[in-house]
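Written below as structure tokens is the structure these notes are about.
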Amino acid sequence: MSSLQIKDRLKNIRDKVEQGGRLNLDDGIFLYDPQVSLHAIGELANWKREQISGNVGYYNINTHLNPTNVCVYRCRFCAFRSDLRDPKGYVMSDEQIIARGQEAYDNGCTEMHIVGGLHHKLGYDWYRGILEKLHAAFPQIHLKGWTAVEIEWFEFLTKKSVKDVLSDLREAGLGSMPGGGAEIFHPEVRDQICEHKANATKWIEIHQAAHEIGLKTNCTMLYGHVEQAYHRIDHLLRLRELQDKTGGFQTFIPLAFHPENTKLSHLKKPSALMDLRTVAVSRLMLDNVPHIKAYWIMLGIGTAQAALAYGADDIDGTVRHELIYHDAGATTPEILSVDQIRQLIIEAGREPVERDTVYRRVHRDPDQYTTWSVGEDVLVNV
Ligand code: V47
């Protein structure tokens, strides 16, 4: 394509976005062409982001809990999983799980993000019991737990319908679902990286069922491994289609592949340019998803800060006990203090706003740090 053709095409896309039009598959693939100025795309995505969220940069105070790493699946991108008899395998005891809840409570966390492996021998009640025990002991902490992959596993274990499983988990204390397990939907890629686990249709069916019973969920895309631009845009369009039907996604998190200690360790990690392009393209394609999260653990702090000017309006939380990325070679710290996370948002020229998991503003008295109140929903204009 000549530079004049690129300019014309970009102008056409800018006009569409500014007039509230929708980008299509070809537009998305074009935006991934490295000849198309990253800054021009970023500027447009930033415009869109400011239309939706103004100047705010959202964060929360959260912790991760991965109760077991033992998993029946062998996803090629995963460094966290373990075989049943591998010395690296672990299963947390009830006492350890409750101690994690206590630590979260003592540190003012509003959210526990709970995901793990699909253990060969543990039954559904063990997974359900984790929610039940934590919710009984710390009812004020929102439990964002179990990806669609786990829900499919629970469907298999219990022989109940997806909606019945989700309703039962909600009764036990589930507050919402994280966006993991989506990877890349297209079978040309999915069959190469995680052939056995929930396919695209199942992942979408489970999130749709969650939305229909009133649970909010997040969505993700794992990029920078064996996929091409076409597969990424196809993935985003499938998410956009479900969001048109249900409106149940809160935030999209593009996840950059970390190759260390995985079966794909021969691949290179995506560059910061690719990370920023993916944040920007996601903001432009997913015109109906309120928030785009620049997950600092995975992007690194510098790129996550820059992403706040390339379409992202959220940086995830202070985080503690993250294992999935750190096992795969992430060099980011394991935790940020509230001051650090606020400072990095301020440095990026945004106004830091603490939110809870379902995007309500959190009000805290600095002297009573472990208690908080939630206020109005955050501003969104999608
Ligand atoms: O599904 C696993 C990805 C996901 C690697 O909903 C990897 O708020 C890169 O979904 N390199 C789990 N990615 C994490 C996740 C998530 C994270 C933060 C916030 C939220 C949310 C969700 O991590 C997996 C997979 O796509 N993943 N291994 C790896 N080596």
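The values are calculated or read from the model by the stated rules, or taken from the named source; none is laboratory data. Nothing here was measured: the structure is a model prediction, and the numbers come from that model. With ideal geometry, Cβ positions are generated from the backbone for all residues, glycine too; neighbour counts draw on all protein chains shown.
Per the conditions (1) modelled with pLDDT of 95 or more; (2) touching a helix residue (DSSP H, G or I) at 6+ places or on another chain (Cβ under 8 Å); (3) not small (Gly, Ala, Ser), the sole criterion not satisfied by Met274 is (2). Within the range 218-230, which residues are within 8 Å of the ligand (Cβ to nearest atom) and of a type in the set (Val, Ile, Thr)? Across the range 218-230, the qualifying residue is only Thr220.
A Cβ distance below 9 Å, combined with a sequence gap of six or more or placement on separate chains, defines the contacts here; from the range 239-265, residues that are over 24 Å from Arg355 (Cα atoms) and acidic (Asp, Glu) reach residues that are more than 13 Å from the ligand (Cβ to nearest atom) and assigned to a helix (DSSP H, G or I) in the pairs Glu241/Ile204.
Check Asn46, Asn24 and return the single one that is under 24 Å from the mean Cα position of the chain (by Cα) and within 29 Å of Ile297 (Cβ to Cβ).
Details: Asn24 fails: within 29 Å of Ile297 (Cβ to Cβ).
Among Asn46, Asn24, only Asn46 is under 24 Å from the mean Cα position of the chain (by Cα) and within 29 Å of Ile297 (Cβ to Cβ).
On the stretch given as the range 318-349, residues that are surrounded by fewer than 17 Cβ atoms within 10 Å (Cβ to Cβ), of a type in the set (D, E, K, R) and within 16 Å of the ligand (Cβ to nearest atom) total 1.
In this structure, does Ile297 turn out to be in contact with a helix residue (DSSP H, G or I) (Cβ under 6 Å, 6 or more places away or on another chain), near the ligand (Cβ under 9 Å from one of its atoms), of a type in the set (Val, Ile, Thr) and in contact (Cβ under 8 Å) with a residue 12 or more places away in the chain?
Details: in contact with a helix residue (DSSP H, G or I) (Cβ under 6 Å, 6 or more places away or on another chain): yes; near the ligand (Cβ under 9 Å from one of its atoms): yes; of a type in the set (Val, Ile, Thr): yes; in contact (Cβ under 8 Å) with a residue 12 or more places away in the chain: yes.
Yes: the conditions hold for Ile297.
Checked against (1) at pLDDT 95 or above; (2) under 28 Å from Met92 (Cα atoms); (3) not in a loop (DSSP other than H, G, I, E, B), Thr357 passes all but condition (3). There is no residue in the range 227-245 that is of a type in the set (A, V, I, L, M), at pLDDT 95 or above and in a loop (DSSP other than H, G, I, E, B). One residue is enough: does the range 82-91 have a residue meeting the conditions touching a His at 6+ places or on another chain (Cβ under 7 Å) and surrounded by fewer than 15 Cβ atoms within 10 Å (Cβ to Cβ)? Yes; the residues of the range 82-91 include at least one that is touching a His at 6+ places or on another chain (Cβ under 7 Å) and surrounded by fewer than 15 Cβ atoms within 10 Å (Cβ to Cβ).
Quick check: anything in the range 176-194 touching a residue at least 40 places away in the same chain (Cβ under 8 Å) and more than 30 Å from Leu267 (Cβ to Cβ)? So that I can check it myself, show each step before the final result.
Going residue by residue through the range 176-194, those that are touching a residue at least 40 places away in the same chain (Cβ under 8 Å) are 176-180, 182-186, 188-189, 192-194.
Now narrow it down to the ones that are more than 30 Å from Leu267 (Cβ to Cβ): 176.
Yes: the range 176-194 contains one or more residues that are touching a residue at least 40 places away in the same chain (Cβ under 8 Å) and more than 30 Å from Leu267 (Cβ to Cβ).
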